[in-house]
Amino acid sequence: MAPAVFRLDPLSGGRNYARMSEPLLRPRSNPKLLSLVIPLFNEEEVFQALRKRLTEFLQSLDGPAEVILVNDGSRDRTQACLEAWAAQDARIKGLCFARNFGHQIAVTAGLEHSSGDAVVILDADLQDPPELIHEMLLRYQEGYDVVYGQRAERAGETLFKRATAFFFYRLMRLLIHPDLPADAGDFRLMSRQVVDALLQMNEQHRFLRGMVAWLGFAQTAVKYARAGRAAGRTKYNLRKMMTLAWNASVSFSPVPLRVSLMLGVFIAMFGVCYGIYAMIHALVLQDTVPGWTTQVVLLCLIGGWILISVGVLGEYVAKIFEEVKGRPLYVVAKKVNLGADND
């Protein structure tokens, strides 16, 4: 059964979402050109395995394809491997950043330079199998604009990683969009219409899977068992995962501000009630004893929440500051096999 689709409700000024029980699908033919977008950051160890696997996959396709490799400021021989492959295969195209700009920016750059009627985002570590794209293409031909890979199993991941991922996706569905796919990363196929709409969103702090869900196009899942890395170590450590989660929460939703306000009101009400209680004991019962502990606890409670609230507000102000500067999302040092853009 196809998942429900959410679309913006025009009567609400874009604030609410109207739930549609079934997506409106229009069957389409196989894409005239398929684009694969793959961000790279210090992937020298896995590069040869990636090249072999993708070469086999490209040979299995019925139509033409291009592979856009985005070197996100790697400090190993990733760029040399990219250029060597591109020199032997014109389908391989490369973007080389001047420095590391981050995974989500690298994917955005690849999308901007893609030409396919359908575009697939794929990581270089081969945890997401390229062979699954065949099934994604079948869903694309049925009329779905977004076909995402949903992880039924997660090999090689710790219990902590699985637990945090579980709670992360459920929290994001609550904060960002009720139709944000659970247990799904950036591994997905998107139609050209979705890619063009996505590229109109120019914010600096990007959470692509949330941005795609916000667009509201018909989407469906393809489940698979996620393998361990083919080689090398993950580049997404705990700090980067926490940063992504925080950016997703603050960039997409005012809920943290509203929670801060609600708790502030609750603490203020508690303070009023406690003040009435203290006045009754002081003026009526006249049994008050100086309570140093009570004062310290209340001061720490109220003062701590004030600092937390100011910190959350500061995060929003900082993001506004970064957005209004209008800097480019990334800086390209070199382009490979991109026509007149080659450096």
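The values are calculated or read from the model by the stated rules, or taken from the named source; none is laboratory data. Because the structure is predicted, anything quoted here is derived from the model rather than measured. Quick reminder, even Gly has a Cβ in these numbers, built from the backbone with ideal geometry, and neighbours come from all protein chains shown. Side chains included, ligands, DNA and RNA excluded: accessible areas come from the protein's heavy atoms. Shrake-Rupley method; radii C 1.70, N 1.55, O 1.52, S 1.80 Å.
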So which residues in segment 274-318 are at pLDDT below 70 and closer than 15 Å to Gly264 by Cβ?
-> Gly304
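Right, Phe41: among the aromatic types (Phe, Trp, Tyr) and closer than 25 Å to Val194 by Cα or not?
Values: among the aromatic types (Phe, Trp, Tyr): yes; closer than 25 Å to Val194 by Cα: no.
When the stated conditions are applied, Phe41 does not pass them.
Okay, residues lined up against (1) under 18 Å from the mean Cα position of the chain (by Cα); (2) modelled with pLDDT of 90 or more:
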{"site": "Arg188", "(1), (2)": "yes, yes"}
{"site": "Arg192", "(1), (2)": "no, yes"}
{"site": "Ala197", "(1), (2)": "yes, yes"}
{"site": "Met201", "(1), (2)": "yes, yes"}
{"site": "Gln204", "(1), (2)": "yes, no"}
{"site": "Trp214", "(1), (2)": "yes, no"}
{"site": "Ala221", "(1), (2)": "yes, yes"}
{"site": "Ala227", "(1), (2)": "no, no"}
{"site": "Gly232", "(1), (2)": "no, no"}
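A quick yes/no check of all residues on (1) modelled with pLDDT of 95 or more; (2) surrounded by fewer than 21 Cβ atoms within 10 Å (Cβ to Cβ); (3) in a loop (DSSP other than H, G, I, E, B):
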| position | (1), (2), (3) |
| --- | --- |
| Arg51 | yes, yes, no |
| Arg75 | no, yes, yes |
| Ala86 | yes, yes, no |
| Lys93 | yes, no, no |
| Ala124 | no, no, yes |
Options His113, His134, His103; residue that is modelled with pLDDT of 95 or more and within 23 Å of Leu329 (Cβ to Cβ) = His113
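Against the condition open to solvent by less than 10 Å² (accessible area, probe 1.4 Å) and either more than 18 Å from Ile133 (Cα to Cα) or part of a helix (DSSP H, G or I) (or both), how does Met201 come out, does it pass?
Values: open to solvent by less than 10 Å² (accessible area, probe 1.4 Å): no; either more than 18 Å from Ile133 (Cα to Cα) or part of a helix (DSSP H, G or I) (or both): yes.
In short, no.
Which residues, taken from segment 95-106, are surrounded by fewer than 23 Cβ atoms within 10 Å (Cβ to Cβ) and either under 27 Å from Arg226 (Cβ atoms) or under 22 Å from the mean Cα position of the chain (by Cα) (or both)?
We begin by selecting, within segment 95-106, every residue surrounded by fewer than 23 Cβ atoms within 10 Å (Cβ to Cβ); these are 96, 98-105.
Answer for segment 95-106, where residues must be surrounded by fewer than 23 Cβ atoms within 10 Å (Cβ to Cβ) and either under 27 Å from Arg226 (Cβ atoms) or under 22 Å from the mean Cα position of the chain (by Cα) (or both): Cys96, Arg99, Asn100, Phe101, Gly102, His103, Gln104, Ile105.
Against the condition open to solvent by less than 60 Å² (accessible area, probe 1.4 Å), within 26 Å of Phe207 (Cα to Cα) and assigned to a loop (DSSP other than H, G, I, E, B), how does Gly63 come out, does it pass?
The answer is no for Gly63.
Give the number of residues within segment 30-49 that are open to solvent by 20 Å² or more (accessible area, probe 1.4 Å) and not in a helix (DSSP H, G or I).
Of segment 30-49, the ones open to solvent by 20 Å² or more (accessible area, probe 1.4 Å) are 30, 32-33, 41-42, 44-45, 48-49.
After this cut, where a residue has to be not in a helix (DSSP H, G or I) as well, the list is 30, 32-33, 41-42.
Looking only at that region, the number is 5.
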